[in-house]
Amino acid sequence: MKGFDYFQPGRLEEAYGLMETLGAEAGYIAGGTDILVRMKQKIIAPPALISLRRIEELARMGRDRGLLLGSMTPLRALEKSEEIAASYPCLSQAVGSLANPQIRNVATVGGNLCNAAPSADCAPPLMVLGATLTIGGPGGERTLPVEDFFEGPGRTVLRREEILTGIAIPERVPGTGSAFLKLGRVSQDIAVINAAALVIMEGGVCRTCRLAVGAVAPTPLRLRGVERLVEGRRPDPELLAEVERGVRGEVNPITDVRSTEEYRREVSGVLLRRALEQAVRDVR
Amino acid sequence: MYDTRFVGGSVPRPDAPDKAAGKALYIHDLIRPGMLYGKIKFSDHAHARIIHIDTSRAERLAGVRAVVTGYNTPEIRIGFIKDNFALKKGKVRQYRDEVAAVAAVDPDVAQEAVDLIRVEYEELPGVFDPEEAMAEGAPLVHETDPRGRPKVDNMVPVPWKFEAGDLESAKRSAAFIAEGRYETPLIQQSCMGTAGCIAEFDLQNNLIIHTKTQIPFLAQNDFNQALAAMGLRGKRTRVIVPTLGGSFGTGLDTHGYEYIAILLAYKSGRPVKIVLTREEEFTALSPRQPTRTHIIQGCDAAGRLAFREVRMLLDNGAYTSWGATTPSVMMLPISSLYRVPNVFYEAKIVYTNNTYCQAMRGYGNPQAAWALECNIDQLAETAGIDPYEFRQRNANVPDEITPMGLQITTCGLDRCLDTVAEKLDWKRKRGKGGARGVGMASLFHVGGSGRVYRSDGTGVIMKLDDFGCVSVLAGGVEMGQGFISALSLTAAEALGVTPDRVSVLTGDTATCPWDVGTHASRGAFTAGNAAIMAARKAREQIFQLASEHFMPRVHANLKRRRKRDPDFELPDFNYERLCDPSEFELRENVVFLKEEPENPMLRVPLEEILRAAHYKEQGTMIVTEAFYDPCNQMLDARTCRGNMSATYIFGTQGAEVEVDTETGRVRILKFVAAHDVGRVINQQTIKGQIYGGVVQGLGYALCEEYKSREGRNLNPNFLDYKILSAPDLDFPIEIECIETHDLEGPFGAKGVGEPGLVATAPAVANAVYDAVGVRITDLPITPEKVLAALKRKKERP
């Protein structure tokens, strides 16, 4: 690995300023569990890294009619949060399946999103939970829904000097159920496919349905067409079969060293259907 | 059966605390004064002519102390047919070919210097499939053989053929026949500790090399030859083996990087360390040989095996190492697992531009067992016989001589089969559907070492000190398998001391006695037997000393007691008596008279006898040695017959699985391994070893695969080369050691190192077949393959 300069600003403005002076090739570093691997593999060689670890406001977890997560919250904190387990089981399940405890102690929720892997385990659950992201920059703040954040493998809407500062998850509504499922080659693995489902039920009918799937397209994917199939109907076997077929039509997977296009297409339908079934069972 | 005090117990390994606490020194931890860091420039092509190597920019870089290529160093040939070179000239034949190397003051400078080396190539068409490599007009990987004679094809000049009985007539008269084609992939040994070495020269130009090896003494010979090639004929090599973080066969040959470190150390005059990165470990170390097998077996109406015909094609890769000799071990189960009178086996090995292969745990046996044991299930089904029953009908028996001339001594195969069937609840669970199933597979392997070189010997030295402690110097290598644990218990038992008195020292050719190498599951077996021989000699000498010193020591001790306790009355022994050595016994560090074993006054601690021998005029000391070379035979090169091992090991493994028919995922619900181990030396170590083997075997079965495109590895990391880890093992693994008390083994023990993973994959595949009726014939059994097979079955039931 090539040598690099390392900065640890204590405030956001300081970080933006550093980025401006350091120039185009500098980068931000959160937990570092992805970036350092890529540096060791010589895929990237930034001359300078600006750590976000000392910026206290990024590491907060709080409440404001819902849940506010600082982008630097370690995944382990999410995993251990009883509130998340109770209100947002799909997120809790996703974080628990990500890598291993050592990595989760260091890796952050914001880092998982900014890395923008199509297989990012935090993306599908945050999408179905309707999370919004706050992005800070020298010019001020902006917010956007998490599904508008990703542009392609490794690419997001973040401008060079911008920082993902926080994630807001709306309050859980009674009658909500959610679930996350993941297929990997072994227990500790990047997802071959991951899927999240959220339903809000009323009298046995699904009033709201949100479905998302990862690793089967250039970005994590909201499946709006399939969601429309579900909304207003009872989750009976007929509908579930339609969901499976619908998902296969909406995904756009590739063949790589981890799996095949055919397998991912076929099984993403199965996984989404199972996630939907599990979400319905989870309704409280 | 032997009456033992320590052998058969369950004790922690002596080397465990240091490893758990991070105190053990691996090659990664070692630093020598003035040491430089070496880095290798590997090829950019699978097959290309080298036009020019420009090292000038690397040489000018500050901190660089030496740069070597094949053009500015003496030619060093490696491999057992010498078709490989430490540094390549003329052309490269695989991506891992070493074209240049540097030594620099730190690893970053070394890396930077390697990146500055420019190599100009003319790309050549490559060949990456063994069948294509055999086709007419295929590009030649080697234009000449190692002696310089022109080559006309890509065949590796190491042919294997075994024939017994009359295959054709057996085929004609067989009642049932089953045929199958099976494949196994390249897999990597995946040692936790990557490979590496530090080479240095003393001022007389003798070589000292710390290196990861399983063959310190054969490596010494290889390195001496390299010294001769470097113009240093007559200079000596000392090989020192640091703590090894797994080896699994990687250390059975010497490697390019070791010779390159030697060349760099010689050129720079400084110690040079080369440690492979994880990525280099994947791309530049030799993995397990991939195979394609065509197998046909037949049986009579009663289900007795009539014949077995096996044809195999092996991808050798670009150069020849021990991978090309794995058919000699594949031949063992092919000729001798179950009783089968008519056998044909042929293996062809072909050069390609893929990475070249070497040894891995099992040495060909997992590939052979994969085809054999899946096909046995096919044949049993064709014959309408339950596969467990089928195996029982054909099981080997004690004192059998097999068509290959293997002389089976003890054999616990029938008990292994019964144990697995019972533990899996076979009768109730087999063939019940519901996407759940059970399957089993058996194994046959050397258990009493294997004569693959002219010597199959191992040395042990026993050095006793005047504190009653014993240093056992052994030629074998501890690589994580438990060699030290097994040897310390065996030595303690044989000598008559407690295991805490024994220190096993290994891994230094200057101080340890000669050994041919730690391979073929031979470590505990051969060193244990040598330790028993050395202990016998030591006991003779102890008792000889005791005949003179025993009664005087008894007298002195009792007098001292009277001094402390005036009421004590000195017993009326004949303190002047010279005893006969045969009167003594030594047990748990105490010498006593056999006639009065219970008399507390007639007991002398071992250390008092030894001290008395040291502290007298014209005194003496006890150091004994033994060289054990088992009664086994080398294979006859022409007929492939010979009793390769002093005894053989059997085992059966079984799996209960559940298949998710929508995702194709195979879930193991329970795994059972029953192994004929002769005799357990240490319960903890042996179970750990079999457990580890099973997990490695399950990786081979379910997920491990070294993926390549046109010779380039696509998954050189644990991100995409998947091995199983602790969270995957959410099911019970039950291990049963069947004791057959083999007379050849130390206290009845057989070698057990490799077999843990031999039968694992076919056991899983057979269980998958029982669960969902699809047979996966190429490893690993991935969800993608299972799902596709289920789909095909649905379309064409």
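The values are calculated or read from the model by the stated rules, or taken from the named source; none is laboratory data. Quick caveat: nothing in here was measured; it's all calculated off a predicted structure. Glycine also receives a Cβ, built like all others from the backbone with ideal geometry; neighbour counts cover every protein chain displayed.
Given the criteria touching a helix residue (DSSP H, G or I) at 6+ places or on another chain (Cβ under 6 Å) and away from every other protein chain (no Cβ under 14 Å), does B:G688 qualify? Criteria not met by B:G688. One residue stands out among those in the range B:499-533 that are among the charged types (D, E, K, R) and buried (at least 24 other Cβ atoms within 10 Å of the Cβ): the one that is nearest to B:M644 (Cα to Cα), which is B:R522. Among the residues of the range A:229-284, those identified as touching a strand residue (DSSP E or B) at 6+ places or on another chain (Cβ under 7 Å) and over 20 Å from A:P125 (Cβ atoms) are A:G232, A:R233, A:R234. Output the residues belonging to the range B:586-604 that are in contact with a strand residue (DSSP E or B) (Cβ under 6 Å, 6 or more places away or on another chain) and part of a strand (DSSP E or B). B:V590, B:V591, B:F592, B:R603, B:V604 - these are the residues of the range B:586-604 that are in contact with a strand residue (DSSP E or B) (Cβ under 6 Å, 6 or more places away or on another chain) and part of a strand (DSSP E or B). If you take the residues in the range A:261-275 that are in contact with a Leu (Cβ under 7 Å, 6 or more places away or on another chain) and of a type in the set (A, V, I, L, M), which one is surrounded by the most Cβ atoms within 10 Å (Cβ to Cβ)? Among residues in the range A:261-275 that are in contact with a Leu (Cβ under 7 Å, 6 or more places away or on another chain) and of a type in the set (A, V, I, L, M), the one surrounded by the most Cβ atoms within 10 Å (Cβ to Cβ) is A:L272. Taking B:I622, is it away from chain A (no Cβ under 14 Å), touching a residue at least 24 places away in the same chain (Cβ under 8 Å) and in contact with a Pro (Cβ under 8 Å, 6 or more places away or on another chain)? No.
Looking only at residues in the range A:263-283 that are among the charged types (D, E, K, R) and farther than 16 Å from A:E227 by Cβ, the one that is farthest from the other protein chains (Cβ to nearest Cβ) is A:D282. Restricting the range B:291-309 to residues that are crowded, with 24+ Cβ neighbours inside 10 Å and within 28 Å of the chain's Cα centre (by Cα) leaves a set whose member that is farthest from B:G165 (Cα to Cα) is B:T291.
Listed by first and then second residue, the pairs with beta-carbon distance under 6 Å, at least 6 apart or on different chains, first residue in the range B:639-662 and on the phi > 0 side of the Ramachandran plot, second in a loop (DSSP other than H, G, I, E, B), are B:G642/B:G405; B:G642/B:Q633; B:G642/B:M634; B:G642/B:L635; B:G642/B:D636. Conditions: (1) surrounded by 24 or more Cβ atoms within 10 Å (Cβ to Cβ); (2) within 14 Å of chain B (Cβ to nearest Cβ). A:L211 meets all but one. Number of the miss? Failing condition for A:L211: (2). For the structure I just gave you, tell me whether B:K594 is touching a helix residue (DSSP H, G or I) at 6+ places or on another chain (Cβ under 9 Å), among the basic types (K, R) and surrounded by fewer than 12 Cβ atoms within 10 Å (Cβ to Cβ). Against the criterion (touching a helix residue (DSSP H, G or I) at 6+ places or on another chain (Cβ under 9 Å), among the basic types (K, R) and surrounded by fewer than 12 Cβ atoms within 10 Å (Cβ to Cβ)), B:K594 qualifies. Taking the range B:193-231 as the range and being assigned to a loop (DSSP other than H, G, I, E, B) and either free of Cβ contacts under 8 Å to residues at least 60 places away in the same chain or not aliphatic (A, V, I, L, M) (or both) as the test, the residues that pass are B:G193, B:T194, B:D202, B:L203, B:Q204, B:N205, B:N206, B:K212, B:T213, B:Q214, B:G231. The strands (runs of 3 or more DSSP E) located wholly in the range A:107-200 that include 1 or more residues which are surrounded by fewer than 20 Cβ atoms within 10 Å (Cβ to Cβ), at pLDDT 95 or above and more than 14 Å from chain B (Cβ to nearest Cβ) occupy A:132-137, A:140-145, A:150-152, A:163-170.
Taking B:G447, is it over 26 Å from B:D18 (Cα atoms) and either assigned by TED's automatic domain parsing to the domain that holds B:E754 or touching a Ser or Thr at 6+ places or on another chain (Cβ under 8 Å) (or both)? Criteria met by B:G447. Taking residues in the range B:559-576 that are over 11 Å from B:M601 (Cα atoms), and partners anywhere that are assigned to a loop (DSSP other than H, G, I, E, B) and of a type in the set (D, E), the pairs with Cβ atoms closer than 8 Å and at least 6 places apart or on different chains are B:R562/B:E569. Restricting attention to the range A:18-47, the residues being more than 30 Å from A:N100 (Cβ to Cβ), assigned to a helix (DSSP H, G or I) and free of Cβ contacts under 8 Å to residues at least 24 places away in the same chain number 1. Do any residues in the range A:171-199 that are of a type in the set (K, R) have Cβ atoms under 8 Å from those of residues that are in a strand (DSSP E or B), where the two are at least six apart or on different chains, and which pairs are they? Filtered contacts from the range A:171-199: A:K182/A:I193; A:K182/A:N194; A:K182/A:A195. Checking each residue in the range A:231-253 for being assigned to a helix (DSSP H, G or I) and surrounded by fewer than 24 Cβ atoms within 10 Å (Cβ to Cβ) picks out A:P237, A:E238, A:L239, A:L240, A:A241, A:E242, A:E244, A:R245, A:G246, A:R248, A:G249, A:E250.
B:I177 meets all of the listed conditions (1) in contact with a Leu (Cβ under 7 Å, 6 or more places away or on another chain); (2) part of a strand (DSSP E or B) but one, namely (1). Number of residues in the range B:627-663 that are in a loop (DSSP other than H, G, I, E, B) and within 14 Å of chain A (Cβ to nearest Cβ): the value is 4. Evaluation of B:R57 against the conditions (1) out of contact with any strand residue (DSSP E or B) (no Cβ under 6 Å at 6 or more places or on another chain); (2) part of a loop (DSSP other than H, G, I, E, B) shows that the sole unmet condition is (2). For the range B:664-674, filtered to residues that are away from chain A (no Cβ under 14 Å), under 14 Å from B:R436 (Cα atoms) and touching a Leu at 6+ places or on another chain (Cβ under 9 Å), the residue that is surrounded by the most Cβ atoms within 10 Å (Cβ to Cβ) is B:F671.
One line per residue, one yes/no per condition, for (1) among the hydrophobic types (A, V, I, L, M, F, W, C); (2) within 14 Å of chain A (Cβ to nearest Cβ); (3) within 20 Å of B:G433 (Cα to Cα):
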position: B:L729; (1), (2), (3): yes, yes, no
position: B:I735; (1), (2), (3): yes, no, no
position: B:E739; (1), (2), (3): no, no, no
position: B:V758; (1), (2), (3): yes, no, no
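In the range B:760-797, how many are of a type in the set (A, V, I, L, M), away from chain A (no Cβ under 14 Å), more than 22 Å from the chain's Cα centre (by Cα) and closer than 28 Å to B:I690 by Cα? Residues that pass the stated criteria total 6.
Selection over the range B:328-341 of residues that are over 22 Å from B:D414 (Cα atoms) and of a type outside the set (A, V, I, L, M, F, W, C) gives a count of 1. Residues in the range B:705-716 that are more than 8 Å from chain A (Cβ to nearest Cβ) and part of a loop (DSSP other than H, G, I, E, B) were compared, and the one that is farthest from the chain's Cα centre (by Cα) is B:E710.
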